[in-house]
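Data block below; observations after.
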Amino acid sequence: MKLAEALQIRADLQKRVAQMNSRLSNNAVVQEGEKPAEDPNQLLTELDGYLRQLEDLMVRINLTNSQTQTPNGSLTALIARRDCLKMKVSSYHDFLESASCLARRNTHTEIKILSSVPVVDLRKKYDKLSQELRETDTQIQAANWTTDLIE
């Protein structure tokens, strides 16, 4: 199985666990004399099974990521780089949105609002960071589809 397939299965298992939590909550209590729509014990058994599968898969994915080398280091290092780039790009985006929002004045006596930073220069940096993020993500996706999951 390729790493990308394992990642898709992991996402599916995580969704199933979330659904199980909701189903368990919906069947936790009933009115006296009534039965729950689903057997909570059976749901708990099903949840345990999903979590065992998820734990095994997560271990294998993490081992694969740490042992897979790309031209830019381990896949784990590349993922960490991508995650930090996402946060940086998001912060720059939000900051630039604020810095670009200048209030219009109706008269010359109103207070003039100016940007505290050179927006054009920061936009260029933001564009470079965004490109680096896309390239990093592409490298990760390529590795995911060419790397076999550790057994």
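The values are calculated or read from the model by the stated rules, or taken from the named source; none is laboratory data. If you're wondering where the values come from, they're calculated on a predicted model, not measured in any experiment. A quick note on method: Cβ atoms are made from the backbone with ideal geometry, for glycine too, and the neighbour counts reach across all protein chains shown.
Consider segment 1-59. How many of its residues are in a helix (DSSP H, G or I), among the aliphatic types (A, V, I, L, M) and touching a residue at least 24 places away in the same chain (Cβ under 8 Å)? Selection size over segment 1-59: 13.
Consider Ala99 carefully, then state whether it is in a helix (DSSP H, G or I), under 30 Å from Val119 (Cα atoms) and at pLDDT 95 or above. So Ala99 does not fit the description; no. Can you pull out every residue in segment 39-71 that is closer than 11 Å to Val17 by Cα and of a type in the set (Asp, Glu)? Answer for segment 39-71, where residues must be closer than 11 Å to Val17 by Cα and of a type in the set (Asp, Glu): Glu46, Asp48.
Determine whether segment 83-93 contains at least one residue that is in contact (Cβ under 8 Å) with a residue 40 or more places away in the chain and of a type in the set (A, V, I, L, M). The answer is yes; a qualifying residue exists.
Under the condition of being surrounded by fewer than 12 Cβ atoms within 10 Å (Cβ to Cβ) and more than 23 Å from Leu54 (Cα to Cα), the residues counted in segment 20-29 number 2.
When you check Ser90 against the structure, is it hydroxyl-bearing (Ser, Thr, Tyr) and within 30 Å of Glu135 (Cα to Cα), yes or no? It is true that Ser90 is hydroxyl-bearing (Ser, Thr, Tyr) and within 30 Å of Glu135 (Cα to Cα).
Scanning segment 118-135 finds one or more residues that are closer than 25 Å to Asp12 by Cα and either assigned to a helix (DSSP H, G or I) or hydrophobic (A, V, I, L, M, F, W, C) (or both).
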